[in-house]
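Everything below concerns the one structure shown next.
All of the numbers you see were taken from the coordinates with simple rules; none came from a lab. Keep in mind that what you see is a predicted model, and the values were worked out from it rather than measured. With ideal geometry, Cβ positions are generated from the backbone for all residues, glycine too; neighbour counts draw on all protein chains shown.
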Amino acid sequence: MNRWASSLGVVGAGLAAGGFIAYTLAPDKLWLVTLCEGLALVCLVVFFVARFEALKAFSIRRSTRLGANSILMVLLFTAILVIVNFLAARHAMRWDLSETQHFTLASQTHKVLHGLAREVKVTVFAQERSPSYNTYRDLLDSYKQDSDKLKVEFVDPERRPGVARQYGVTRLDTAVVESGPQTTRVTAPSEAELTGALIRVAKDGKKRILFLEGHGERGIADQERNGMALAKEALTKQGYEVNPVSLLQTSAVAEGTSVLVLAGPQRPVTKEEQDRIAHYVAAGGHLLILLDPESQADLEDLLRQWGVETGQGILVDMQDRLAQGDLTSLMVRTFTEHEITQDFNFAVLFPLSRHLVFHEEAGKDWDFVPLARTSARSWAVKNLKGNVLTLNEQEDIPGPLPLAAAMTPKKPQEEGKPRAAVVIVGNSSFASNTYINFPGNTDFLLHALGWLAEERELISIAPKEPAFRPFIPNPTQERLLLYVQVFFLPALTFLWGMTIWRKRRRL
């Protein structure tokens, strides 16, 4: 009887295990699973009834109690590990201990992810052995931590060629970002590319930025040093529609224009064009003017309507300038409290700039807020051929001087109507292909255009790739480093050595 009951127990345990395996391999065949588990239950019940006395005697043994206690402790420890892992998976915490914060998302990315109003699907076409696969995975894992509206799928084009054909993907390491009617593609696994794609697909429409042309402005299609092709690329990544425009051929600025940009005009802008620009601003338009010192654009009449005058001379700064660079290569570090310059951490390089003058009486209807200023050791030089190392009190204009400003009407905004806004910068080369990648230059341009386009989520530090951030000292810091490293530290080491040597000689 005992041997028969023991065999029945073994059969019951085997049937229970077989039912579990059957459910794992063929979950659709529930009849088979039910049959195995039912028979297992019957066999085990018969086993426990037949062996009840033996099991009772076995349970009161000292060795049994100790063994059961050990098993219970193992089960409890296993349960704790399962619970901790479950909580960690549901409420994951991540710390970025890298020196450059390489794995930390930019503040703008967080704002974009938190502001997603609808589901966004990202389909990455990459192979697991590709380096881009891991980069995409790490980035998108960080993105999903901030938003539950982001759905991610990885597709190997070799294993699933039908899906690649469906999306028209012919290139590996491509991510297709889609939301609603909007679709865009990312070909580089970088935060800037992915965030720009999210901004583009999250909106049904795009803000339009028009660059005035026909007066020697910096061209947005120009790939040369003085062009603005890189600036256009940065704006496109931010979800803008960027196009050139000529007001000589149209009677007014096109409706739906978010921002009109005058990027360094060199030849005179006609009175008719200036009237059209003024009418656009008066109707609630947004204008960005980048005006160089030697410009012949003749915009005095236009600027006078807002109480602004471009100052004479070229700015020189003995403190905030590029060390070992030209005296006119300003590295501006002084910014005022404004939405454009909030949380600004980098200096902006403004080569060959002019300052701005605001006449309160003429511009009594406008709020004039300087965005960037030179230091107290600066001035505007009217004659560069003379001695610019010292201030000429008879000709030069002492600083600090504003070289960028934002303006809005003092009159409260009417409900349902756009509010006019103007940003004027006494330099255009900072946005050229030569200088746009300098730390701070891209941020300043994107901040200004984001504020003008009334897109507050774009007025934050733009996502950046991990890059070498050199320490660029100004002349004062450079001299201090020279004195400390070349003179003070060697002299201190020599004196310390001599002191130790003399003490040892006395021993």
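Data table
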| item | result |
| --- | --- |
| Net charge contributed by nearby residues that have their C-beta within less than 15 Å of GLY168 (K/R +1, D/E -1) | +3 |
| Length gained when the stretch LYS206-THR236 is fully extended (0.36 nm per residue, less Cα-Cα span) | 9.8 nm |
| Loop trypsin sites (Lys or Arg not before Pro), the range 237-304, which have at most 10 other Cβ atoms in a 10 Å radius of their Cβ (DSSP) | none |
| Loop-exposed chymotrypsin sites (Phe, Trp or Tyr not before Pro) per DSSP, neighbour cap 10 Cβ within 10 angstrom, longest uninterrupted part of the chain | 96-467 |
| Evaluated at q = 0.11, 0.14, 0.16 Å⁻¹: base-10 log I(q)/I(0), Debye formula over Cα of the range 207-458 | -0.55, -0.92, -1.23 |
| Label-point separation, ALA278 to ALA54 (7 Å along Cα→Cβ), nm | 10.9 |
| Net charge, LYS121 excluded, C-beta distance under 15 Å - Lys, Arg +1, Asp, Glu -1 | +2 |
| Point-to-point label distance, ALA376-THR250, nm (Cα→Cβ direction, 7 Å offset) | 4.8 |
| Computed helical MRE - 222 nm, the chain, DSSP H runs ≥ 4 contributing -39500 (n - 2.57), nearest 500 | -12000 deg cm²/dmol |
| Added length on full extension, which subtracts the Cα-Cα distance from 0.36 nm per residue, GLN312 to VAL11 | 98.4 nm |
| Full-stretch length increase - LYS151, LEU492 - with 0.36 nm per residue and alpha-carbon distance subtracted | 116.6 nm |
| Pairwise Lys count, the range 207-458 - Cα closer than 26 Å, eight or more residues apart or different chains | 9 |
| Within the range 367-433, GluC sites (Glu not before Pro) in DSSP loop having at most 11 other beta-carbon neighbours inside 10 Å | GLU393, GLU414, GLU415 |
| Within the chain: Cβ-based charge dipole about Cα centre, in debye rounded to nearest 20 (Lys, Arg +1; Asp, Glu -1) | 3260 |
| Sequence of VAL49, VAL201, VAL42 once ranked by neighbouring C-beta atoms within 10 Å, starting from the fewest | VAL49, VAL42, VAL201 |
| Neighbourhood net charge (14 Å Cβ-Cβ; Lys/Arg +1, Asp/Glu -1) for ALA405 | -3 |
| Cα radius of gyration and Dmax for the range 107-186 (Å) | 12.9, 38 |
| Among THR408, ILE424, GLY18 the positive-end extreme of the charge dipole of the chain (Cβ point charges) | GLY18 |
| Candidates per trypsin sites (Lys or Arg not before Pro) in the range 324-373, loop by DSSP, up to 15 other Cβ within 10 Å | LYS364 |
| 0 to 90° range, to nearest 10: angle between helix 489-506 axis and the chain longest Cα axis | 70 |
| Proximal lysines to LYS151, defined as alpha-carbon separation beneath 20 angstrom and excluding residues fewer than eight positions away on the same chain | LYS111, LYS121, LYS203 |
